[in-house]
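See below for the structure under consideration.
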Amino acid sequence: MTSLPPPPGPPPPVSPARWAPPVPGPAGRPRPTFAPPRQPHPTLPISAAGGALAVLIGSLFGSKVLLDAVLRYEWPVVAYVALLGVVGYAPSLMWCTYVSRRWGSGAFLADVGIVPRWSDLGWGPVAWLAAVGTQVFVGALVLAFDVPLTSNTDGISELTQDRTYVVSIVITAVVAAPFVEEVVFRGVVMRGLLSRLPVLPTIGLQAVLFGVAHIDPVRGVGNIGLALVLTGVGAAFGGAAYLLRRIGPTIVAHAIFNGVVLLLVLTRVAERLQD
């Protein structure tokens, strides 16, 4: 009787994956490799964006109401500026910190898009130039169509003799405002809108909200032109933040933007240009 062959044994063990050199292509050259696809932009819940807007607008309105209530005490001008800064911006930072802990990783800077790099100092001026170009273009359209336009720097040059006021307004406009507004609009609001909308509507809507947030009822219909111009600026900052995936450059650009405007106002160059 013919004997049957022995049953096959277990399959040979598979060695762990190891690095292998690239397979040569034509003429012995390695085949090209491609970079892995970039990760999608980080997003936040839309409620985080809505809360950030509500807190910022409410705190700015509340700071002006509070200012009107304490003007009769005749405090130093620097005290009023400090009051506006603390009451107007501190609640927004508190909300964004809550957002980071509730819906983010808990690392506040990273969750709002602040990843400091030396290149931010180079991209910042580029974003500023884009904002200035957009401002000039939208401003020209506003003037061409005779849309009412007022400045949000009226009255600053009248208090330049008070050095403490000048220092405090510079700190508020060049340091505090750029940081807080970029964290709110490009760090939280834009990420919240990205969770529901495509890219272009997101950039456009956050820009409109940025412009509307600068409306002051005292200026009346002049707010229309001001909001349109600042909407263009917000679109430039939003586009830069989206393309660069961080807001460090837009904080730098925003600081330069406010600083140049403040310099023109404090030196009265803006008045001479208008004349």
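The values are calculated or read from the model by the stated rules, or taken from the named source; none is laboratory data. No experiment lies behind these values; they were computed from the predicted model shown. Virtual Cβ from ideal backbone geometry, glycine too; neighbours counted across all protein chains shown.
One residue stands out among those in segment 87-104 that are closer than 15 Å to F179 by Cβ and hydrophobic (A, V, I, L, M, F, W, C): the one that is surrounded by the most Cβ atoms within 10 Å (Cβ to Cβ), which is C96. Only one of (1) surrounded by 13 or more Cβ atoms within 10 Å (Cβ to Cβ); (2) closer than 23 Å to A52 by Cβ; (3) at pLDDT 95 or above; (4) out of contact with any Leu (no Cβ under 6 Å at 6 or more places or on another chain) is not met by A107, so which one is it? Of everything listed in (1) surrounded by 13 or more Cβ atoms within 10 Å (Cβ to Cβ); (2) closer than 23 Å to A52 by Cβ; (3) at pLDDT 95 or above; (4) out of contact with any Leu (no Cβ under 6 Å at 6 or more places or on another chain), A107 misses just condition (1). The condition of being outside any helix (DSSP H, G or I) and either in contact (Cβ under 8 Å) with a residue 24 or more places away in the chain or not β-branched (V, I, T) (or both) holds for only one of L149, L129, that being L149.
For beta carbons closer than 6 Å, sequence separation of 6+ or different chains, a first residue in segment 106-121 that is of a type in the set (D, E) and a second that is surrounded by 15 or more Cβ atoms within 10 Å (Cβ to Cβ), the qualifying pairs are D111/S100; D111/G104; D120/G248; D120/P249; D120/V252. For the criterion of being over 20 Å from W128 (Cβ atoms), among the small types (G, A, S) and surrounded by 18 or more Cβ atoms within 10 Å (Cβ to Cβ), G225 passes. Does any residue of segment 144-157 turn out to be of a type outside the set (A, V, I, L, M, F, W, C), under 24 Å from T43 (Cβ atoms), in contact with a helix residue (DSSP H, G or I) (Cβ under 7 Å, 6 or more places away or on another chain) and surrounded by fewer than 20 Cβ atoms within 10 Å (Cβ to Cβ)? No, segment 144-157 contains no residue that is of a type outside the set (A, V, I, L, M, F, W, C), under 24 Å from T43 (Cβ atoms), in contact with a helix residue (DSSP H, G or I) (Cβ under 7 Å, 6 or more places away or on another chain) and surrounded by fewer than 20 Cβ atoms within 10 Å (Cβ to Cβ).
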